[in-house]
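Have a look at the structure below, then the notes.
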Amino acid sequence: MVARTSLTSRRTAQKFRQAAISAAGSLKIKLLLFCCFIFTLTLLASRTPSFLGCGKQSLPPLDRTSRKGYTLLINTWKRYDLLKQSISHYTSCPGLDSIHIVWSEPDPPSDSLVKFLNQVAKSNAKNDRFIELTFDINKEDSLNNRFKEIKKPITDAVFSIDDDIIFPCSSVEFAFSVWRSAPDTMVGFVPRIHLINQSKENGISYTYGGWWPVWWTGTYSMILSKASFFHMKYLRMYTNEMPVSLLEYVKRNRNCEDIAMSFMVANATNAPPIWAKGKIYEIGSTGISSLGGHSNKRTECVNRFVSEFGRMPLVPTNVKAVDSRGTWFW
């Protein structure tokens, strides 16, 4: 009886020891998981400070001793409030070196407008920077004016923009960094696509696809010049090497100069553009794209340009540049 009691006691003690060992192991596992959780939060905090309220990271400072900045090429037409708002914003972007305002109105800019914009450029420039501001006055009103060659440019990069949309400086600087990695192509925020139509009667024709086909398929072949980076050399090529018949077509139809630029760059590079992710803020809604029949006109342009170039130079792609510093998963 005593031996049986002793054996029972030993078994009970052994169960307690096993339970204690199991509890200790479970505690260690929980502690290890907790440490991994804290480490993960710390890592995410260092990668995404904007999410944790620590402010956004900025791109490395540019070398101001060389042609590393960009020229803002802004197209405007009798929307002086929008022009003031745009210039006031972009002059605060660190990479901006020069501003060229494409002016095609019958009357020259007023003295008060010129004075205001120059004061804005001077007051917003930081770290002893000087932002060149020039009005490119044109005698006739033509959409081709926005791509006229700039004489004696001070940058290689052009940031072409309309006066009715604004992008945060962080998005602009990111797109600029993407362009510097591929300076022969177009990099921008507004993608479009050409769609192929095949019929036995008329052969192959093309349709201009707006945002929804891009969103649905994840494919694009054009970046609109209303918000894009490209090399300064393409202004010279557009002005001096584009077929005269094509320039006349753009002038006469008052549309599709941006498609013509995409065709020209693709024809020169045999490469697709690059879509950079960025926030867009529309501050106006009275442009050409708001008019009826806009999509049909641009479809006509695509097919006319294919005829002018003798081929379809646009290259579809699915690539999208995203700033991984501001995303959780990439």
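The values are calculated or read from the model by the stated rules, or taken from the named source; none is laboratory data. Remember, predicted model here, so these are calculated numbers, not experimental data. All Cβ positions, even for glycine, are placed from backbone atoms using ideal geometry, and neighbour counts span all protein chains on display. All accessible areas refer to the heavy atoms of the entire protein, side chains included, with ligands and DNA or RNA removed. Shrake-Rupley method; radii C 1.70, N 1.55, O 1.52, S 1.80 Å.
Is there any pair linking a residue in the range 161-176 that is surrounded by fewer than 23 Cβ atoms within 10 Å (Cβ to Cβ) to one that is acidic (Asp, Glu) and part of a loop (DSSP other than H, G, I, E, B), with Cβ under 7 Å and at least six apart or on different chains, and which?
Phe174/Asp323
Would you please name the residue that is farthest from Glu173 (Cα to Cα), looking only at residues in the range 183-224 that are touching a strand residue (DSSP E or B) at 6+ places or on another chain (Cβ under 7 Å), open to solvent by 40 Å² or more (accessible area, probe 1.4 Å) and part of a loop (DSSP other than H, G, I, E, B)?
Restricting to residues being touching a strand residue (DSSP E or B) at 6+ places or on another chain (Cβ under 7 Å), open to solvent by 40 Å² or more (accessible area, probe 1.4 Å) and part of a loop (DSSP other than H, G, I, E, B), the top hit is Asp184.
Glu140 - would you say it is touching a residue at least 24 places away in the same chain (Cβ under 8 Å) and either over 23 Å from Tyr234 (Cβ atoms) or loosely packed, with under 14 Cβ neighbours inside 10 Å (or both)?
yes
Which residues, counting only those in the range 143-160, are part of a loop (DSSP other than H, G, I, E, B) and open to solvent by less than 30 Å² (accessible area, probe 1.4 Å)?
Answer for the range 143-160, where residues must be part of a loop (DSSP other than H, G, I, E, B) and open to solvent by less than 30 Å² (accessible area, probe 1.4 Å): Ile150, Thr155.
Hey, among the residues in the range 118-137 that are polar (S, T, N, Q) and modelled with pLDDT of 95 or more, which one's most open to solvent (accessible area, probe 1.4 Å)?
Applying the filter and picking the extreme gives Gln119.
Please go through the range 77-89 and pick out each residue that is over 17 Å from Phe130 (Cα atoms) and open to solvent by 10 Å² or more (accessible area, probe 1.4 Å).
Selection gives Trp77, Lys78, Arg79, Tyr80, Asp81, Leu82, Lys84, Gln85.
For the range 101-120, which positions are over 23 Å from the mean Cα position of the chain (by Cα) and not in a loop (DSSP other than H, G, I, E, B)?
Trp103, Asp111, Ser112, Leu113, Val114, Lys115, Phe116, Leu117, Asn118, Gln119, Val120
Residue by residue through the range 90-117, note down the ones that are of a type in the set (Ser, Thr, Tyr) and open to solvent by 60 Å² or more (accessible area, probe 1.4 Å).
Ser112
Residue by residue through the range 198-227, note down the ones that are touching a residue at least 12 places away in the same chain (Cβ under 8 Å) and either among the small types (Gly, Ala, Ser) or touching a Cys at 6+ places or on another chain (Cβ under 9 Å) (or both).
Correct list: Ser205, Tyr208, Gly209, Gly210, Gly218, Ser221, Ser225, Ala227.
Could you please find all residues in the range 112-149 being touching a strand residue (DSSP E or B) at 6+ places or on another chain (Cβ under 6 Å) and within 14 Å of Asn75 (Cα to Cα)?
Result: Leu133, Thr134, Phe135, Asp136, Ile137, Asn145, Arg146.
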